[in-house]
1. Taking only pairs six or more apart or across chains, which ones have beta-carbon atoms under 8 Å, a first residue in segment 31-42 that is under 14 Å from residue 19 (Cβ atoms), and a second residue that is aliphatic (A, V, I, L, M)?
2. Could you list, in sequence order, all residues of segment 62-94 that are in a helix (DSSP H, G or I), open to solvent by 50 Å² or more (accessible area, probe 1.4 Å) and aliphatic (A, V, I, L, M)?
3. Does residue 31 satisfy being at pLDDT 85 or above and open to solvent by 60 Å² or more (accessible area, probe 1.4 Å)?
4. Residues in segment 8-18: is at least one open to solvent by 70 Å² or more (accessible area, probe 1.4 Å), outside any loop (DSSP other than H, G, I, E, B) and either at pLDDT 85 or above or of a type in the set (D, E, K, R) (or both)?
5. May I ask you to say which residue of 43, 114, 56 is part of a loop (DSSP other than H, G, I, E, B) and modelled with pLDDT of 60 or more?
Amino acid sequence: MRPPVEDVIIADVPAHTAEVLYRDLRKAQVDRVTSMGKFDFHSLRTAYINFVLRDSTLSPTDMQDLARHGSLDMTMTVYGRARADRMTEAARRISEEFCVPSAPPPPTPQNEKSATPVDTGSCASIELAPALGLEPRTCWLTASRSAN
């Protein structure tokens, strides 16, 4: 249940927020524009909303209300940002879950050097999709794995 409006504390916001921010940045000797982008009121708002979106205790409606948006779509698609660290971790978890370990093929002149510059360990990528039933084996895959 939502608290009555009179129970919600509203911060005192200056009338010209951007001007106050720029004055404070000058006093702190912080550059407004850097190689990483610009530092303005909108960037602070975007950062705040992304902190709100990271809070798993909030409902989508709570997130929308805290962002003071008329729609959740605005909160999620316009202000929400993907986080590289979470995407990297998710990709790692998914690869560990679906990696089909197999013994490496015996060394032959054709497979002594890998076109993949990264050690894939025991994860046989050509067996991933067929092993999971995502697509049928093809004669090309079977022929490339034969020991002729």
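The values are calculated or read from the model by the stated rules, or taken from the named source; none is laboratory data. Note that the coordinates shown come from a computational prediction; the quantities given were computed from them, not determined experimentally. Cβ placement follows ideal geometry from the backbone for every residue including glycine, while neighbour counts extend to all protein chains displayed. We work out accessible area using only protein heavy atoms, side chains counted, and drop any ligands, DNA or RNA first. Shrake-Rupley method; radii C 1.70, N 1.55, O 1.52, S 1.80 Å.
1. Short answer, once both residue conditions are applied: 32/25; 40/18; 40/21; 41/18; 41/21.
2. Correct list: 66, 72, 74, 76, 78, 84, 87, 91, 94.
3. Taking the combined requirement at face value, the residue satisfies it.
4. no
5. Testing whether each residue is part of a loop (DSSP other than H, G, I, E, B) and modelled with pLDDT of 60 or more leaves just 56.
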